[in-house]
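The values are calculated or read from the model by the stated rules, or taken from the named source; none is laboratory data. Predicted, not measured: the structure shown is a model, and the values here were computed from it. Glycine also receives a Cβ, built like all others from the backbone with ideal geometry; neighbour counts cover every protein chain displayed. Accessible surface areas use protein heavy atoms only, side chains included; no ligands, DNA or RNA. Shrake-Rupley method; radii C 1.70, N 1.55, O 1.52, S 1.80 Å.
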Amino acid sequence: MRLPALIVLVLLGHSLGRNTYREKRLGPHQLLRDPTCQAISDTISPSSAVYYPGTHVLPYAKGISHWASSSTQLAACVVEPGTSADVAKTLQILGSTRIPFAVKGGGHTTNPGFSSTTGVQISMYRFSDIVYNVTAQTVMLGAGLVWDDVYAALEPHGVNALGARSPGVGVAGFILGGGYSFKANQYGLTIDTVVEFELVKPDGSILRVTRETQPDLFFGLKGIVTRFTLKTFPETQVWGGLIVALAPSVDIVTAAVADFATHVTDPKANIITTYGSLLGQPLISQVLFYDAPNPPPEIFDKFMGIPYSIRDVGTRDMLSLVRAIPADLTANLRGVFQAAPVLEYTPNLLNAIVNESMFWGERLANLLDLDTGVYVSYDVEPFLPDILSHASSPSAYPPTRDKSYSPFNLYYAWLLEANDEDMYAAARQSAARIHEVAVAEGQVLDDAPLYPNNAMFGTPLNKIYGSNLPRLQALKNLHDPKNVMGLAGGWKF
Ligand SMILES: Cc1cc2nc3c(=O)[nH]c(=O)nc-3n(C[C@H](O)[C@H](O)[C@H](O)COP(=O)(O)OP(=O)(O)OC[C@H]3O[C@@H](n4cnc5c(N)ncnc54)[C@H](O)[C@@H]3O)c2cc1C
Ligand SMILES: *[C@@H]1O[C@H](CO)[C@@H](O)[C@H](O)[C@H]1NC(C)=O
Ligand SMILES: *[C@@H]1O[C@H](CO)[C@@H](O)[C@H](O)[C@H]1NC(C)=O
């Protein structure tokens with residue numbers, strides 16, 4: 001119970017102490033503002049705005065904020081462009097002043113410096129249009145939306161796009177990285193459902209990028225995306241939700257997951273099993289999904305037999321289901337993801353994952369001061385082996401579609417910056433251990449690409465993009481010869 005109060009204190013201290021450092025007060029009405037921010041402010045249209053830390057406290061704070069506090073940096077200013085033309089003007093100014101910048105959609109990356117900066121923070125919130133085309137069965141989405149908004153807007157039409165499985169995740173980063181939805185088994189990765197991107201290139205030109213008109217840019221985008229057009233799919237009410245089980249049920253959960261992962265081939269069914277440890281105490285959460293108002297009985301029977309402390313499972317719309325997942329409990333803590341793709345979730349591998357969650361849960365809670373809080377979690381996400389067969393053209397990730405891997409993800413959360421390095425090192429070591437156990441039982445993972453949205457900063461690019469790397473580098477040289485996007489965070493080619 002002490003945790004929330006401490007978090008609030010730390011966040012307050014953080015912002016009160018430091019947020020005016022770029023905006024030197026010369027007198028009551030004179031502010032020395034960053035010249036690049038000023039140049040952008042002088043150039044953009046009234047549809048856009050520039051916010052400074054001392055003057056526009058709330059929109060500034062919103063502009064730099066991230067799901068994980070370790071991904072938030074104190075920018076010189078926040079630019080909220082409202083038109084693609086203003087994005088283009090902003091990029092041109094940044095390209096000539098060479099000031100570091102960042103582009104933020106939903107701010108859910110756990111990699112520091114990917115969508116944050118001490119330079120110019122571009123925040124895409126104003127791109128919030130949702131335009132459903134019933135004839136084409138597509139939806140155009142602004143790059144500042146989160147999936148919750150999309151689910152709410154499409155529900156009355158009886159369709160949906162393929163979005164995130166937790167609340168609050170941004171449309172932009174999710175799609176650009178690939179996108180694993182509850183419906184990937186039926187329709188593939190979200191990137192495979194993109195029909196068109198509206199793209200502002202590093203030179204400031206604005207393009208509509210489709211598979212036919214710009215196959216190279218469609219494959220590996222270079223610049224800032226302002227709008228995405230995605231295919232939609234019919235959707236009725238769906239079934240599922242959350243079960244929270246306590247430590248004594250771990251073997252029952254693992255038996256149910258192993259059985260699901262090896263036997264269930266119904267593409268409408270999907271699960272996420274999270275083996276966690278909060279302050280050293282095991283905590284298991286089980287998410288169930290079925291793409292119909294009711295599932296056939298056999299599929300989830302074992303899960304429905306798990307003794308639970310919380311069970312919120314039933315027939316509902318997608319937004320209600322996604323909102324049942326308590327992903328925001330650890331929001332505002334520091335955080336890190338690490339990917340460790342696997343071919344299959346065998347009972348042996350699942351037991352090793354359980355052991356890792358308990359081992360590191362205890363070890364890190366003892367290593368850190370308990371009062372500062374620590375949460376470790378291990379997400380088991382089984383997908384069918386043919387999810388990559390739905391695409392009509394290749395994409396940057398995954399580099400090969402011959403074989404498909406399930407995107408196992410590890411997530412650690414903690415309170416203090418002083419513990420960052422210990423947590424990163426532990427997450428790397430634990431992911432490596434899971435990889436070793438999978439390899440030792442015969443899984444061939446030499447070419448298993450790490451999902452770019454889960455891979456920890458510092459992952460070599462060839463581990464993510466594999467044999468596509470030379471093509472992506474050539475595209476970068478062609479479309480961004482002045483390396484403007486090199487001033488921004490993210491995976492750098
Ligand atoms: C609680 C939680 C749940 C998640 N659930 C899922 C899930 O179900 N499935 C899944 O696949 N992933 C999931 N993820 C991972 C998620 O896909 C990534 O964190 C993704 O980067 C989030 O996108 P964002 O827009 O919120 O991120 P941001 O942090 O805003 O951006 C991420 C990256 O994309 C770049 N970017 C953002 N906007 C643009 C733009 N307009 N043009 C060009 N580049 C841009 C940023 O610069 C940055 O490098 C989850 C993450 C969290 C924290
Ligand atoms: C909707 O899609 C159809 C078919 O592709 C297209 O002809 C029409 O122009 C689109 N409508 C809008 C408003 O974009
Ligand atoms: C549990 O995990 C730790 C850390 O990886 C490892 O040292 C230990 O051998 C594991 N125990 C079992 C029973 O696998």
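Taking the conditions exactly as written (touching a Lys or Arg at 6+ places or on another chain (Cβ under 7 Å) and more than 16 Å from ligand 3 (Cβ to nearest atom)), does PRO81 satisfy them or not? Criteria met by PRO81.
Applying the set (1) under 24 Å from SER65 (Cα atoms); (2) modelled with pLDDT under 95 to ARG126 leaves exactly one unmet item: (2).
One residue stands out among those in the stretch 94-112 that are more than 14 Å from the chain's Cα centre (by Cα) and farther than 19 Å from SER84 by Cα: the one that is surrounded by the most Cβ atoms within 10 Å (Cβ to Cβ), which is ILE99. Only residues that are outside any helix (DSSP H, G or I) and surrounded by 17 or more Cβ atoms within 10 Å (Cβ to Cβ) were counted in the stretch 318-332, giving 4. Evaluate the following for THR90: is it open to solvent by less than 10 Å² (accessible area, probe 1.4 Å), within 19 Å of MET485 (Cα to Cα), away from ligand 2 (no atom under 16 Å from the Cβ) and not charged (D, E, K, R)? Considered against the rule, which asks whether it is open to solvent by less than 10 Å² (accessible area, probe 1.4 Å), within 19 Å of MET485 (Cα to Cα), away from ligand 2 (no atom under 16 Å from the Cβ) and not charged (D, E, K, R), THR90 comes out as yes.
Between ALA247, ALA269, ALA261, the distinction of being modelled with pLDDT under 95 and either open to solvent by less than 50 Å² (accessible area, probe 1.4 Å) or among the hydroxyl-bearing types (Ser, Thr, Tyr) (or both) belongs to ALA247 only.
For the stretch 410-469, taking the residues that are of a type in the set (Phe, Trp, Tyr) and within 16 Å of ligand 1 (Cβ to nearest atom), the one that is nearest to GLY490 (Cα to Cα) is identified as PHE457. Of all residues in the stretch 340-362, at least one satisfies being at pLDDT 95 or above, within 16 Å of ligand 1 (Cβ to nearest atom), within 18 Å of the chain's Cα centre (by Cα) and within 17 Å of GLY276 (Cβ to Cβ). Of the candidates GLY204, GLY241, the single residue that is within 30 Å of GLN281 (Cβ to Cβ), open to solvent by less than 40 Å² (accessible area, probe 1.4 Å), of a type outside the set (A, V, I, L, M) and away from ligand 1 (no atom under 14 Å from the Cβ) is GLY241. Checking each residue in the stretch 372-398 for being aromatic (Phe, Trp, Tyr) and in contact with an Asp or Glu (Cβ under 9 Å, 6 or more places away or on another chain) picks out only TYR378.
Of all residues assigned to the stretch 275-289, at least one qualifies as being open to solvent by 10 Å² or more (accessible area, probe 1.4 Å) and in a loop (DSSP other than H, G, I, E, B). The set of residues from the stretch 473-490 being of a type in the set (A, V, I, L, M, F, W, C) and surrounded by fewer than 18 Cβ atoms within 10 Å (Cβ to Cβ) comprises ALA474, LEU478. Any residue at all in the stretch 410-430 that is surrounded by 20 or more Cβ atoms within 10 Å (Cβ to Cβ) and over 22 Å from ARG334 (Cβ atoms)? Within the stretch 410-430, none of the residues are surrounded by 20 or more Cβ atoms within 10 Å (Cβ to Cβ) and over 22 Å from ARG334 (Cβ atoms).
The residues of the stretch 201-226 that are assigned to a strand (DSSP E or B), more than 22 Å from ALA184 (Cα to Cα) and of a type outside the set (A, V, I, L, M, F, W, C), listed by number, are ARG208, THR226.
Please specify each residue of the stretch 39-63 satisfying the condition of being in contact with a strand residue (DSSP E or B) (Cβ under 8 Å, 6 or more places away or on another chain), open to solvent by 60 Å² or more (accessible area, probe 1.4 Å) and assigned to a helix (DSSP H, G or I). LYS62 - this is the single residue of the stretch 39-63 that is in contact with a strand residue (DSSP E or B) (Cβ under 8 Å, 6 or more places away or on another chain), open to solvent by 60 Å² or more (accessible area, probe 1.4 Å) and assigned to a helix (DSSP H, G or I). Residue-level check: of (1) open to solvent by 60 Å² or more (accessible area, probe 1.4 Å); (2) over 22 Å from the mean Cα position of the chain (by Cα), LYS231 misses just (2).
Residue count for the stretch 60-79 satisfying the condition of being over 19 Å from THR109 (Cβ atoms) and either modelled with pLDDT under 95 or not aliphatic (A, V, I, L, M) (or both): 2.
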